[in-house]
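**Student:** Have a look at this one before I ask anything.
Read-outs: derived from the displayed coordinates by stated rules, not from any lab. Note that the structure is a prediction, hence the values are computed from the model and not measured. Reconstructed Cβ throughout: ideal geometry from the backbone, glycine too, with neighbour counts over all protein chains shown.
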Amino acid sequence: MELTVLSTVLVLFKAAFAGEDLDRKLGADVISTVLGGLLRTASPTDPVLLKVLELAEKLDVRDYKKAMAGGHRYLTEAHLGPTLRIDRLHLARTQFVDAASAAEAMEVPILVANAEYAVAKCDALLAAPVDAALALDRAAAALEGAIESIDTPGAAYRWLRLNEAKFAQDSSVTNWLTRAADRDLIRQRDLDAAGKTADDLQRDLRELTDLYSEVQTAALAGTDGARPVLWAQPPGGNVRAGLDAKAVATLGDDAPVRGFGLTLRVEQRRIGQALSGGRIVELALNLTVHDDRILHCTGAYLPAVGPPTEPAGSPLRLRGLTALLAPLTPPGSGTVAVPRGSHRRVLTVPLGDIEDTVKIRISRPSSGGRQASTGACLYIPLPR
């Protein structure tokens, strides 16, 4: 993910949502960059589009390609000067809306998100923040559905079982014949196909989360978000080893992170010793839940983060934050259902000796009192 691209996205949408004159706020050079390079979703040669076309060759994508190409042409003509820009941006937006409709008819989520994000950027350039926010929400919903639907743990499980079967198959001729007689023979081509499936899922996750980062950066720009938002695969994770979460975002400093139904900012972090003994961390959270969510909060050890710095001298005994704010999770529980709305709460998490991160998995309630994983989690590094 190019941070320069995300930073320009941030500047563009902050100007639009603030109702600023884009020419004065961004300057002619940046406007030119936005129209020429940043709006990569408008290009018919966009790598996201090319990848989807490769994987879905049987789909009739002519309407989608035609509309995206038309939008790209009008954006190019917007370079001709301020007098033509508004007219060409409206024409481009109409084409991108047509592309989004074609993508919905094909039921290809990443194409829906690609087109809706292009619509949102046109709205930003037209200083129409309400319309831009709606388009960003549609793009995010499409990407979240695509990420959630990827059965990464299932793929990893099947791949491991195939390898186990292959090992058992080769262990003896008798075992091989028995498995063949049971019609459970695992051939090399089955292993190759499983490996290719895992590689495809890995690539899908990377491309989905790349685009998701841009969409969420733009969405936060309309509020108080002043930094790019990066969603990615878990550090060091891969499909064949199994992924505990399909998409993660790490909260640094006090910058908010948005995605998968909520916006979260960490206001304070305190690490020390619980009154009953043992390491503990208290986090004062400013949480906005856009749709009802279930949060699973635990301590975790991430080698990439490194061990936290312990307080000097004797461990700090924590008792203060819970006296100021209500607790997020019930005593003794790491799971809480959070209704839609704004919440300022304290998250208290017990820690092991080497745990250096608080991990929050995000689920959504489903019918019958059940829950479904969104495929996402948040990492909150402990104080250093």
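**Student:** A 31 angstrom limit on the alpha carbon distance is what I want to check against. Which of LYS14/LYS246; LYS65/LYS359; LYS66/LYS121 exceed it? The partial results should precede the final answer.
**Tutor:** Numbers: LYS14/LYS246 29 Å; LYS65/LYS359 41 Å; LYS66/LYS121 19 Å.
Check vs 31 Å cut-off fails for LYS65/LYS359.
**Student:** Could you give the size of the charge dipole of region 95-141 about its Cα centre, using +1 on the Cβ of each K and R and -1 on the Cβ of each D and E, expressed in debye and rounded to the nearest 20?
**Tutor:** Details: 2 positive and 7 negative charges, 27 e Å.
Value, rounded to 20: 120 debye.
**Student:** Okay, next question. For HIS90 and ALA105, compute 0.36 nm times the residue count separating them, minus their Cα-Cα distance, and round to one decimal in nm.
**Tutor:** Numbers: separation 15, 0.36 × 15 = 5.40 nm, distance 2.30 nm.
Working it through step by step, the gained length comes to 3.1 nm.
**Student:** With r defined as the distance between the Cβ atoms of ASP200 and ALA326 and R0 fixed at 51 Å, what FRET efficiency is calculated, to the nearest 0.05? Let's see the in-between values first.
**Tutor:** Details: r = 45 Å, r/R0 = 0.88.
Taking R0 as 51 Å, the efficiency between ASP200 and ALA326 is 0.70.
**Student:** Here's something else I'd like to know. Dimensions of region 216-287 along principal axes (Cα, Å, largest first)?
**Tutor:** Taking max minus min along each principal axis of the Cα atoms, region 216-287 gives 42, 39, 19 Å.
**Student:** Can you order the peptides 200-207, 272-279 by their average number of other Cβ atoms within 10 Å per residue, highest first?
**Tutor:** Working: 200-207: 17.4, 272-279: 13.5.
Order by mean packing, descending: 200-207, 272-279.
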